[in-house]
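Chemist: The structure that follows is given in the form of structure tokens.
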């Protein structure tokens, strides 16, 4: 992917991260359907847990829409247990597959080839798929320019005073779309680089600014502290207590 050029602050951030880390080649998947599955499984969990669930599905031969649709929900839930909220996620996967069959004849390529606005509308109409999941599918599976606003995006850009960390999802996304070229390759790489910064430097509890490629771009007063955010209550799934907002 060509390096985006320009002098806008957000492009400067992208260029600094790309120089430091190089291309991230995200999303790590062997098919578009695997990306869709991963986007659903990654809700409220770390990617390492998703990898375990994906490998279990692969080993069972279920990383295929028709095969997964035929699998009993209990079996599917058991295979994706490492991802947490496994019963809900199994239901979401089956719900997506039912929608795919009923609306698009089981043809994922046909679904993803729709105009972006219609594709997003249909995805958001499915229970259990919110803006972040829908936009991940649009960006990574459909390869369309839709910036994903996740916890890393909010945390990093908020601490750098580029956005308000508590900005509503759609408004923050519009700010990014207005400030960057509408290029799926750029959005893909930018989001992947933010995830890496978030994991290695811009941690949830306290940032490790030393050595971060974005440290020279911090505001004069240092990282901005985000507004206090009340933690959602924990939920109990089976016999396991899980937090609705994991420390990612």
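The values are calculated or read from the model by the stated rules, or taken from the named source; none is laboratory data. Computed from a predicted model, the values in this text were never measured in an experiment. For neighbour counting, all protein chains shown are included, and Cβ atoms are generated from backbone atoms with ideal geometry for every residue, glycine included.
Chemist: Considering only region 116-132, state which residues are surrounded by 15 or more Cβ atoms within 10 Å (Cβ to Cβ) and more than 18 Å from residue 143 (Cβ to Cβ).
Modeler: 126, 128, 129, 131, listed by residue number.
Chemist: Still on this model: Can you tell me which residues in region 199-224 are touching a helix residue (DSSP H, G or I) at 6+ places or on another chain (Cβ under 8 Å), in a loop (DSSP other than H, G, I, E, B) and exposed (fewer than 14 other Cβ atoms within 10 Å of the Cβ)?
Modeler: Within region 199-224, 208 is the sole residue that qualifies.
Chemist: Working carefully through the options 87, 49, find the one that is surrounded by 18 or more Cβ atoms within 10 Å (Cβ to Cβ) and at pLDDT 95 or above.
Modeler: Every option except 49 fails the conditions.
Chemist: If a residue has to be free of Cβ contacts under 8 Å to residues at least 60 places away in the same chain and either in the same structural domain as residue 213 (by TED's automatic domain parsing) or not in a helix (DSSP H, G or I) (or both) to count, how many in region 43-71 make the cut?
Modeler: 6
Chemist: Additional query: Given the structure, is residue 140 buried (at least 19 other Cβ atoms within 10 Å of the Cβ), closer than 21 Å to residue 95 by Cα and in contact (Cβ under 8 Å) with a residue 40 or more places away in the chain?
Modeler: For residue 140, the condition - buried (at least 19 other Cβ atoms within 10 Å of the Cβ), closer than 21 Å to residue 95 by Cα and in contact (Cβ under 8 Å) with a residue 40 or more places away in the chain - is met.
Chemist: Residue 108 fails exactly one of the following numbered conditions: (1) within 30 Å of residue 181 (Cα to Cα); (2) touching a strand residue (DSSP E or B) at 6+ places or on another chain (Cβ under 8 Å). What is the number of that condition?
Modeler: (2)
Chemist: Filter region 156-178 down to the residues that are modelled with pLDDT of 95 or more and in contact with a helix residue (DSSP H, G or I) (Cβ under 6 Å, 6 or more places away or on another chain), then identify the one that is surrounded by the fewest Cβ atoms within 10 Å (Cβ to Cβ).
Modeler: Ranking the candidates gives 169 first.
Chemist: Can I ask one more? Evaluate region 18-26: report whether one residue or more is modelled with pLDDT of 95 or more, out of contact with any helix residue (DSSP H, G or I) (no Cβ under 7 Å at 6 or more places or on another chain) and within 30 Å of residue 86 (Cβ to Cβ).
Modeler: No - not one qualifying residue is present in region 18-26.
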